Structure formats: C-alpha cells, structure tokens
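Enquirer: Quick one: the structure is below, questions incoming.
Every read-out reported here was derived from the displayed coordinates using simple, explicitly stated rules and does not represent laboratory data. These figures come from a predicted structure and were not determined experimentally. Here the Cβ positions follow ideal geometry from the backbone for every residue, glycine too, while neighbour counts run over all protein chains shown.
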C-alpha cells in the first residue's frame, strides 16, 4: 500500500468576494496583509519556540537609531539640547539604560521612578522630577541630591522652601507652566497658568526665596500632538516668560523644557489616515520649536538649553507583541472572530490605537474582516474590532507593531500571567530583559 507523505493542506472554506480594481474606493485601497517573519534578522518562529507567546520584543538597534536621529534633528538647528528619557513611558531598566548610554537624562514623576533612575546609574543632577504628587520624602531626597525639581503647585513650592531651609541648601527648581495653545481638552491640570497670571506669580515667589534657584521653565502641552504649530505657540509663550524674567530680575534661565507629547507612528482610533503617514517627523517638531527660540531676542543674548522629554516617539516603533491564535469562531454579523493569547491586560494602548497587525506566516488568498479578541473573560478584551486578515488557524502567529510605549508600564496581571520580554541586541543576540510571571510571583505578597 502506498502512503502519501506529502504535507496535508490546510482547508479553506469557500469565500465569496467581489472583484476590486486597483483604484481606491470610498474606504481607500483594497485590503492587503502585511507579512513579517523576523525582526532585525531574528526569526519570530524561533523566538516563539524558545520563549513562548505572548512575547514582547524590543529592538536595541531601533531604539538607538531613534534617539540619535532625534538628537541630530534638534542639534543641527540649536546648539544646546538635552533629551530626558520619560520613565513612565517604559521603565524597564534595560530600556532606560540604553537611553542613558546615548546621553539622555531622566524624567521621573514618582519616588519609585526616581529610585529606578538612580539604580540605572543616572547622574542625580540630571534627574528631572515632575509630577503633581511628590511626597515630602521625595522632595527631601531630590534636594539632597541636587536634582531638578519642577514645581507643580503652591503647596509644593512652600514645602520646598521649608525643606531647602532645613537642609541649608539652595534647591534648583523650575516652574511648570500650562497655557492655551488651541488643544482640546486643555492641559491645565498641571502647573501654573500662563494666561491668568498664576505662572508669573509663582515665578515671582520663587525669585524672592533665597533658598531656591530658578534654573528653568517647563511645559507639557498634551499627548500625541500631531500639529507642530501647537509647539510653536507654546515656545513663544515660554520664551516670552524667560525674557520677562531677564528684564525684571536680571536673571538668565539655564533651560527651557518643552516636555514631550510627540506622536508616534500609531494610528488613533477614529483617524481616517494612517498614523505612520500622519505623524510629523522629528525634523518638523525640531523646526517648530527651535525656530522660535533662535528668533527670540533674549536680553542677555544667552540662549537657554532646550530640554525635551519625548518618550512615545522614541520607543513605540521599537516594541512588538508576538501572539498566537487560540481559536476562531463566527460573530452574529458574520465576521470572523479570532481569539489570541494576548489581551488588553498586556496591550493597554489598544483602547486608543488601531495597532498595525502583521501575520508571521505567508497569508492565504482569502482575506476577510476580522475581530481580534484576547483570552480574558471580559467583553472589553478587544485588540482590533475590525482588521483585514487572512483565514487563521490555531497556532498561527500575529505580530502587533508600535507597542513600545506605555504597555509594559500600564499592563496588569489579570486572569493570565504577564509574559517574557526580550530584546534583540545590535549584533543579533536575544536577551531576556524580564522573566515571565508564575504562580509563586503572583501570590508572593499575600498573607
């Protein structure tokens, strides 16, 4: 008896599909599927076989490239620029240390993040302490270490005065300013307002205190800002304050901190355009900010250092999430529902982004509208409500792009364990930078 040793072909159900021309219709071009089988030359199937799925993957090469290009964009336009890595964006130590190796300072918003920055070898004098809820203990430590404290509110200002006097030190501070630059909702929760005069009142109070040294001004106008004109408006107002300080107090600031908020390549939910095409380039952000500073007639003619706290735009495209298909079913409206082993507990940003999704294996010829859901027993566990994908079977893998920002800081252990995180080093070596959780880890703090 002859036995057919050829691999059994995967069954594909018949699918009726209208013939489409190559011309775009009301919804754009006909659907196509992205196929990605490796990252930085490393096979995704090999990564999955060694580490399992779900699996977060970071590219060291992409991280270093991003910060170098950002620095070049600004330094070719302005002579003194410093980037401060935003710890809340991704505070994995291996990630933070890459940015510090590339010359980035640290920007933190809690005592925990401050300790992380210290443990990662960051010079305490190059740690920027932001945030609206700094404790007295946090402030005492920051003043002792001569870190930069960005004052958020009047209570904090008074507390700093008492701490600095008690330590007989001169605390280095900046005043955080919020302003109307046309964004909605307006980011006026943090800092002192420019338009109603409270920012200038805070500046005047700092200047009267001998135990405080006003070294800078800080603002953060919003998040995922797609308009460079917003940064241009904000820089005008910050430069105006700096010039007024020089005129009235004969005092030059060391720096102006324009915060972060630069958009990444992700696509916001409800957007008609692809995020990778819509987001301004780093050069466009740099031109908007530095052109204002370069044309500002500072009375002392001393140009303050420009500090940037951008996080998302430097890390999003360096992070990926690899996931496997668990099962498939049909929804009531006829759409395919694909259940994968990664949920919103891991990919928190899927609540506001339509993440790009690629298949790891070559797709079938049939492509249909699909809903991607995770393994959680919650109806909100939807990673993509509608995405064009080929017919998928259990065990096949999908890759989510642009997941480097805010996922491994906002993820949670819920129903399922949190997985491994690996980094592909510049020479192709794969390094585990966070081990997967297990039962002992999850229950370790219980009494």
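Enquirer: Seen from all sides and averaged, what is the projected area of the convex hull of the Cα atoms in the range 239-374, in nm²?
Expert: On the way: hull surface 48.3 nm².
Average of the hull's projected areas for the range 239-374 equals 12.1 nm².
Enquirer: Still on this structure: Given the options 68, 335, 97, state which has the largest fluctuation in a GNM of the chain using a 10 Å cut-off (strictly under) for Cα springs.
Expert: 335
Enquirer: Okay, moving on. Classify the range 102-225 as rounded, prolate or oblate, taking a ≥ b ≥ c as the square roots of the eigenvalues of its Cα gyration tensor: rounded when a/c is under 1.5, otherwise prolate if a/b is larger than b/c and oblate if not. Please report the intermediate quantities before stating the final value.
Expert: Details: a/c = 2.04, a/b = 1.19, b/c = 1.71.
Oblate.
Enquirer: A further question on this structure: What base-10 log of the normalised intensity I(q)/I(0) is obtained for the chain from the Debye formula, alpha carbons as equal point scatterers, at q = 0.08, 0.09 Å⁻¹?
Expert: For the requested q values the scattering log ratios are -0.54, -0.66.
Enquirer: With label points built 7 Å along Cα→Cβ from the Cα atoms of residue 446 and residue 46, find their separation and express it in nm.
Expert: Roughly 4.0 nm, to one decimal.
Enquirer: I would also like to ask the following. Quick one: if the Förster radius is 25 Å, what FRET efficiency do residue 166 and residue 205 give, using the C-beta to C-beta distance and rounding to 0.05? Display every interim value, and only then the final one.
Expert: On the way: r = 19 Å, r/R0 = 0.74.
E between residue 166 and residue 205, to the nearest 0.05, is 0.85.
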